[in-house]
Amino acid sequence: MKILKTLILCIICSSLANGQHGQFEPSVDNPFGSVNPEAPSEVADYADLIGQSVCSSIRRNPDGTWQDTVRMTWTFKYILDGTAVQDLTVREDGGHATSIRQYNADSAKWFVTYFPRNNPPNSPSSWAGNATDTGDIVLLKNQKAPNGFEGISRLVFSNITEDTFDWEGTWTSMDGTIQFPFWTISCKKTD
């Protein structure tokens, strides 16, 4: 009897899970999903990034020199039934990662959590921010520099069009007098 109840429960849960696929989720007909009209309007801040892009990624070494350019794909899609955005980077050097981007209407901010494939931290890194009047998306997080100075990690999507966008990560001192770009990415949409 216990086995029968467990089997019935599994069938019901499976049926519910299969039937719960939201209409704004990625699908065969719409591989990147769409914005849920009941979501905050800010969910559309990432609209021009949705899809797949081919990018050039350049990171800075600890000594201040720049590494060689690495090609990567960066895919953005709507998730959670069109109320959030997920991205996936696939780098030719194996440095893959994903981020979940969710807008909180109560605090009027985007909250972005980053999950790297290699060397995952005990607690994922998170940034908060907004789209600006110029169309950039700016995300901030308090972060110490390698030498221990207090500062801010500033991530900026800029030059956003339907076909291209740029991204830059910069460490900035708390007083703004020191700015140290540590990563730049330039992308061109393919889908």
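No lab work stands behind these numbers, since they all come straight from the coordinates. None of these values were measured; they are calculated from a predicted model. Every residue, glycine as well, gets a Cβ built from its backbone with ideal geometry; the counts of neighbours run over all protein chains shown.
Of everything in the stretch 32-70, what is in a loop (DSSP other than H, G, I, E, B) and either in contact with a Lys or Arg (Cβ under 9 Å, 6 or more places away or on another chain) or closer than 25 Å to Thr184 by Cβ (or both)? Give them in sequence order.
Selection gives Phe32, Gly33, Ile50, Asn61, Pro62, Asp63, Gly64, Thr65, Gln67, Asp68, Thr69.
Out of (1) out of contact with any Asp or Glu (no Cβ under 8 Å at 6 or more places or on another chain); (2) buried (at least 16 other Cβ atoms within 10 Å of the Cβ); (3) of a type in the set (Ser, Thr, Tyr), the odd one out for Tyr78 is which?
(1)
Search the stretch 40-55 for residues being crowded, with 17+ Cβ neighbours inside 10 Å and of a type in the set (Val, Ile, Thr), and hand back the single one that is nearest to the chain's Cα centre (by Cα).
The qualifying residue nearest to the chain's Cα centre (by Cα) is Ile50.
Do you know which of the residues in the stretch 125-155 that are surrounded by 10 or more Cβ atoms within 10 Å (Cβ to Cβ) and in a loop (DSSP other than H, G, I, E, B) is nearest to the chain's Cα centre (by Cα)?
Asp136
Does the stretch 88-124 hold any residues that are part of a strand (DSSP E or B), closer than 22 Å to Glu42 by Cβ and either in contact (Cβ under 8 Å) with a residue 24 or more places away in the chain or of a type in the set (Val, Ile, Thr) (or both), and which are they?
Passing the criteria: Thr98, Ile100, Arg101, Tyr103, Trp110, Val112, Thr113.
Mind listing whichever residues of the stretch 56-72 are free of Cβ contacts under 8 Å to residues at least 24 places away in the same chain and not small (Gly, Ala, Ser)?
Asn61, Asp63, Thr65, Trp66, Gln67, Asp68, Thr69, Arg71
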